[in-house]
Amino acid sequence: MADQVALGINGFGRIGRLVCRAAIMNPKTKVVAINDPFMDLEYMAYLFKYDSTHGKFEGTVETKDGNLVVDGEVIHVFAARNPSEIPWGKAGATYVCESTGVFTTTEKAKAHIEGGCKKVVISAPPKDATP
C-alpha cells in the first residue's frame, strides 16, 4: 500500500509493544524499525508474542538476520542509546513513536529527526511546552 505511514518505535517496553501491535493491525501503518538498546532480540520477540494483559499475538513472530519478522514483514531492529544515531531514514521510517520516557522535550526528541525521520510523537507527557 503506497499511502501507508512508515513507523519507527523507540523503546520496546509496554507502550512501545502496544503501539507496535496496534500499528501492525492497522492497514494504514507499517512498522519498519524498532530501537531498544536494553532488550535482546529473542526476548523482544517473546514479549511481543505473549502479552500478559492483551493476550497472545495471533500472527507469526520470529527473528531472522538480526531483525524481527511479524506476519512475514521484516522490522529492522537497532540498539542505539543516542536517538541521532538510529538510522530511521535508512529503515524508511517517516514517523517515530518515542516511547522510552526519556526523550520528552522538543530538544531531546528532535534528535530522532537527525536520524532521518520527519516527525516524532512522544508517548509520555512532555517535560516542556512541546505541543
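The values are calculated or read from the model by the stated rules, or taken from the named source; none is laboratory data. Note that the structure is predicted; figures quoted are calculated from it, not measured. Glycine also receives a Cβ, built like all others from the backbone with ideal geometry; neighbour counts cover every protein chain displayed.
Among the candidates Asp36, Asp51, single out the residue that is farther than 21 Å from Trp88 by Cβ and surrounded by 13 or more Cβ atoms within 10 Å (Cβ to Cβ).
Asp51
In contact with a strand residue (DSSP E or B) (Cβ under 7 Å, 6 or more places away or on another chain), surrounded by 12 or more Cβ atoms within 10 Å (Cβ to Cβ) and not in a helix (DSSP H, G or I), is that true of Phe12? Here the answer is yes, as Phe12 does meet what is asked. For region 65-82, the candidate set comprises residues that are over 15 Å from Asp40 (Cα atoms) and at pLDDT 95 or above; within that set, the residue that is surrounded by the most Cβ atoms within 10 Å (Cβ to Cβ) is Val70.
Just need a number here: residues in region 74-131 that are β-branched (Val, Ile, Thr), in a loop (DSSP other than H, G, I, E, B) and touching a strand residue (DSSP E or B) at 6+ places or on another chain (Cβ under 7 Å). Explain how you work it out, then say what you get.
Quick first cut of region 74-131, residues β-branched (Val, Ile, Thr) only: 74-75, 77, 86, 94, 96, 100, 102, 104-106, 113, 120-122, 130.
Narrowing further to those that are in a loop (DSSP other than H, G, I, E, B): 86, 94, 100, 102, 104-105, 130.
Filter once more, so that each one left must be touching a strand residue (DSSP E or B) at 6+ places or on another chain (Cβ under 7 Å): 86, 94, 100, 104, 130.
Number satisfying all stated conditions: 5.
Only residues that are in contact (Cβ under 8 Å) with a residue 24 or more places away in the chain and closer than 17 Å to Ala6 by Cβ were counted across region 84-123, and they come to 22.
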